[in-house]
Amino acid sequence: AKFLKEGCIVFNSTMRTSQGRLLVAAIGVIIMSAGINIFTTPLQLYTSGLMGYAQMLRTVLDQYFGLKVTSIDLAGVFYYMINIPIMLLTMRSLGRSFALKTVAYTSLFSLATALIPVPAVPVVDDPLTCVILGAICVGVGDGLVLTCGCSSGGLDVIGLCLSKKGSSFTVGRFSLTFNIFLYAICLFLFNVEVAIYSVIYNFATVM
């Protein structure tokens, strides 16, 4: 209990400064990437949002076209490429400060996802346990990033831009629609089990 109390004091003190919030956001990004690469990628499951599409593109290029790179996870590279127009949109719509932080943390998230080693076999035998652990890491990490007023790119930024322009298509509705298409494609390209576990992961992330 004493350790937890001291940790809370340090965290609250860190969050009171802009430099501290930037550091906490960076830690959140690393936690997200580690959760994805360590727990979900070995099971060939797919996260939500644009990272899910980046992972799917990596798998399609590997399985159908023989493009395989063992030293890095190409999903991180594809995620960054997909986010380039989004980062440009952020600069025009959401202000210079938020745009710069989005560029920085999207770059860090992409780099960490590309470089954090992916275990050859799942670290836990039970797929559901892996899914839940990965979802917890991503949920906690993303929560830290958003709490610090930052973004690691993806659908959240698009949703914010739509909201600012007065669109009735909210961030949550936009993400839900996008992810429905993602998991429908998973069901078509792969199998029911992959789609079901990916959906469970998505819901566990936002709980």
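The values are calculated or read from the model by the stated rules, or taken from the named source; none is laboratory data. Every value quoted in this text rests on a predicted model; they were computed, and no experiment measured them. Using ideal geometry, Cβ is built from the backbone for each residue, glycine included, and neighbour counts are taken over all protein chains shown. Accessible surface is based on the protein model in full, side chains and every heavy atom, while ligands, DNA and RNA are left aside. Shrake-Rupley method; radii C 1.70, N 1.55, O 1.52, S 1.80 Å.
Computed quantities for the displayed model
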{"read-out": "Residue that is nearest to S33 (Cα to Cα), among those in the stretch 90-125 that are open to solvent by 30 Å² or more (accessible area, probe 1.4 Å) and among the hydroxyl-bearing types (S, T, Y)", "value": "S107"}
{"read-out": "Some residue of the stretch 164-173 being within 25 Å of I84 (Cα to Cα), part of a helix (DSSP H, G or I) and open to solvent by less than 70 Å² (accessible area, probe 1.4 Å)", "value": "yes"}
{"read-out": "Qualifying residues in the stretch 84-136 (those that are under 17 Å from L160 (Cβ atoms) and in a loop (DSSP other than H, G, I, E, B)) - the one farthest from the chain's Cα centre (by Cα)", "value": "G95"}
{"read-out": "Residue check for I196: under 16 Å from S48 (Cα atoms), of a type in the set (V, I, T) and open to solvent by 60 Å² or more (accessible area, probe 1.4 Å)", "value": "yes"}
{"read-out": "A184, sole failed condition from (1) in a helix (DSSP H, G or I); (2) of a type outside the set (S, T, Y); (3) in contact (Cβ under 8 Å) with a residue 60 or more places away in the chain", "value": "(3)"}
{"read-out": "Members of the stretch 15-60 found to be hydroxyl-bearing (S, T, Y) and open to solvent by 40 Å² or more (accessible area, probe 1.4 Å), listed by number", "value": "T17, S18, Y53"}
{"read-out": "Yes/no for L128 being surrounded by fewer than 19 Cβ atoms within 10 Å (Cβ to Cβ) and modelled with pLDDT of 85 or more", "value": "yes"}
{"read-out": "Which numbered condition I136 fails, given (1) closer than 19 Å to T40 by Cβ; (2) modelled with pLDDT under 85", "value": "(2)"}
{"read-out": "Residue satisfying condition, being under 12 Å from the mean Cα position of the chain (by Cα), at pLDDT below 90 and either within 18 Å of P117 (Cβ to Cβ) or aromatic (F, W, Y) (or both), within set Y46, Y80, Y64", "value": "Y46"}
{"read-out": "Residue that is most open to solvent (accessible area, probe 1.4 Å) [pool: residues in the stretch 61-89 that are over 22 Å from S151 (Cβ atoms), among the hydrophobic types (A, V, I, L, M, F, W, C) and free of Cβ contacts under 8 Å to residues at least 40 places away in the same chain]", "value": "F65"}
